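Structure, as structure tokens:
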Amino acid sequence: MRIVLLGAPGAGKGTVAKLLTEHDGSVQISTGDILRAAVKDGTELGVQAKEYMDRGDLVPDSLIMKMMEERLQADDCERGFILDGFPRTIPQAEELKKLLERLGIALDVVVNLEVPKDVILDRLTTRRTCSNPDCQAIYNIKSNPPTEDGRCKICGSPVIQRDDETEEAIMNRLETYNEKTAPLISYYEKEGLLKNILSLKSQETVEKIKAALHT
Ligand code: AP5
């Protein structure tokens with residue numbers, strides 16, 4: 001499958017994407033995960049991206065496109081990909097369209113995960129993430145807790161709150177989403193690719209996405 005997952009911060013894009021990879025071997029590509037790994041490794045990209053991310057602002061389109069042009073041409077994308085957190089602006093969507101045309105491939109569907117705002121705020125303040133950049137498993141102290149001593153159930157690394165999980169950064173991320181990313185919903189509606197899904201239970205959402213791929 002080749003899909004884009006849209007949705008506000010905390011809508012569950014990462015959780016749903018990870019479940020979808022079990023379906024047909026498609027790879028999850030999370031720009032947030034790639035950027036957090038770059039920050040942790042102290043690469044040039046990471047140094048440039050960190051201040052934007054900590055504030056809850058978007059990283060400039062030019063940096064994201066450079067990173068994604070390379071990523072989408074890696075061998076593991078041949079079986080399909082789930083784009084989680086990309087594109088995030090209209091210019092990124094336009095550049096993605098040109099890139100996919102050049103590569104001779106097309107998106108199957110763009111899924112917009114709809115989640116009420118109060119649920120989103122609750123999920124963001126209770127999320128925990130594995131600190132291992134190669135893992136970045138997602139937990140939630142209410143719905144999916146890590147081990148009792150706060151470690152990842154997959155790799156055993158400590159589970160942490162992300163640097164952009166302060167109240168101020170969360171509010172900024174939600175505002176940035178409304179201003180810069182929500183316009184992608186009508187963009188992809190016009191492209192005839194959009195599927196809105198009310199997403200309260202991740203496994204049900206995965207089944208709805210699989211059904212949408214076969215219609
Ligand atoms: P990114 O990592 O993409 O963050 P985000 O979009 O804010 O999304 P989140 O990761 O916060 O949430 P999610 O929707 O994946 O939800 P999750 O599955 O974790 O980006 C971070 C930063 O990087 C950006 O602010 C920006 O600076 C930069 N960046 C990234 N991409 C960029 C781009 N393309 N352009 C420019 N800048 C970019 O779920 C949330 C919580 O809810 C978890 O605790 C989970 O366990 C829980 N949960 C999920 N589903 C359920 C459910 N059904 N029931 C109960 N709990 C649930």
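So for segment 70-156, if I pair up every lysine 8 or more residues apart or on another chain, how many of those pairs have alpha-carbons under 30 Å apart?
Taking segment 70-156 as the scope, the lysine pair count is 4.
Database remark: amide H of ARG2 closer than 5 angstrom to the amide H of PHE81, ASP108, VAL109 (H placed geometrically; neighbours at sequence offset of 5 or more, or on other chains; Pro and chain starts carry no H). Amide hydrogen proximity for GLY7: with H placed 1.01 Å from N in the peptide plane, the residues at 5 or more positions away or on another chain lying under 5 Å are LEU113. Within the assembled protein chains, the solvent-accessible surface assigned to VAL59 is about 10 Å², based on a 1.4 Å probe.
Spin-label model, LYS142 to VAL27: label points 7 Å out along the Cα-to-beta-carbon direction sit 3.5 nm apart. For segment 53-61, the Karplus equation 6.51 cos²θ - 1.76 cosθ + 1.60, evaluated at θ = phi - 60°, returns couplings of 5, 4, 7, x, 8, 7, 6, x, 3 Hz by residue, with Gly and Pro reported as x. A cut-off of 5 Å between modelled amide H atoms, ignoring neighbours fewer than 5 places along the same chain, links LYS153 with THR147.
With a 1.4 Å probe rolled over the protein heavy atoms of all chains, the accessible area of LEU103, LEU198, LEU5 falls in the order LEU198, LEU103, LEU5, largest first. Its relative contact order, with pairs defined as Cα atoms under 8 Å and 6+ residues apart, puts the chain at 31 percent. The relative contact order of segment 128-184 comes to 30 percent, based on Cα pairs under 8 Å that sit 6 or more residues apart.
Please state the relative contact order of segment 89-215 as a whole percent: Cα pairs under 8 Å, 6+ residues apart? Walk me through the numbers before you get to the answer.
Values: 115 pairs, mean separation 43.4, N = 127.
So the answer I get is 34 percent.
State the extension gain, in nm to one decimal, for the chain segment bounded by ILE90 and ALA211, taking 0.36 nm per residue of separation less the distance between their alpha-carbons. Show your work: numbers first, answer last.
Numbers: separation 121, 0.36 × 121 = 43.56 nm, distance 2.73 nm.
Full extension from ILE90 to ALA211 adds 40.8 nm.
Counting heavy atoms of the protein chains alone, HIS214 has an accessible area of about 150 Å² for a 1.4 Å probe.
One chain, two ends: THR125 and CYS77. Fully extended at 0.36 nm per residue, the span grows by 14.0 nm beyond their Cα-Cα distance.
Over segment 72-215, what is the percentage of antiparallel beta bridges among all DSSP beta bridges, to the nearest 5?
On the way: 7 of 12 bridges.
Once the DSSP bridges in segment 72-215 are tallied, antiparallel ones form about 60 percent.
Evaluating 6.51 cos²θ - 1.76 cosθ + 1.60 at θ = phi - 60° for every residue in segment 76-85, the Karplus couplings come out as 5, 7, 4, 7, x, 8, 10, 8, 10, x Hz, glycine and proline recorded as x.
Our coupling estimate for segment 18-25, obtained by passing each phi through the Karplus curve with A = 6.51, B = -1.76, C = 1.60 and θ = phi - 60°, is 4, 5, 5, 4, 6, 6, 9, x Hz, Gly and Pro reported as x.
Per DSSP H run of n ≥ 4, the term is -39500 (n - 2.57); total these for the chain, divide by its residue number, and report the mean residue ellipticity at 222 nm rounded to 500 deg cm²/dmol. Don't skip to the answer; put the middle values down first.
Values: 9 runs with 100 residues, N = 215.
Dividing the helical sum by the residues of the chain leaves -14000 deg cm²/dmol.
How do CYS77, CYS155, CYS135 stack up against each other in accessible area, from largest to smallest, with a 1.4 angstrom probe? Spell out each step's value before the answer.
Numbers: CYS77 10, CYS155 55, CYS135 30 Å².
Output order, biggest surface exposure first: CYS155, CYS135, CYS77.
At the residue level, GLU51 shows approximately 110 square angstrom of accessible surface with a 1.4 angstrom probe and all protein chains present.
Show GLU168, GLU69 ordered by accessible area, largest first, where the area counts protein heavy atoms only and the probe is 1.4 Å.
Values: GLU168 155, GLU69 65 Å².
Sorted descending by solvent-accessible area, the residues read GLU168, GLU69.
Counting every C-alpha pair in the chain, the share spaced more than 23 angstrom apart comes to 44%.
The values are calculated or read from the model by the stated rules, or taken from the named source; none is laboratory data. All values derive from a computational prediction rather than experimental measurement. Methodologically, a virtual Cβ is constructed for each residue, glycine included, from the backbone with ideal geometry; neighbour enumeration extends over all protein chains shown. Just the protein is used for accessible areas: all its heavy atoms, side chains included, with ligands, DNA and RNA removed. Shrake-Rupley method; radii C 1.70, N 1.55, O 1.52, S 1.80 Å.
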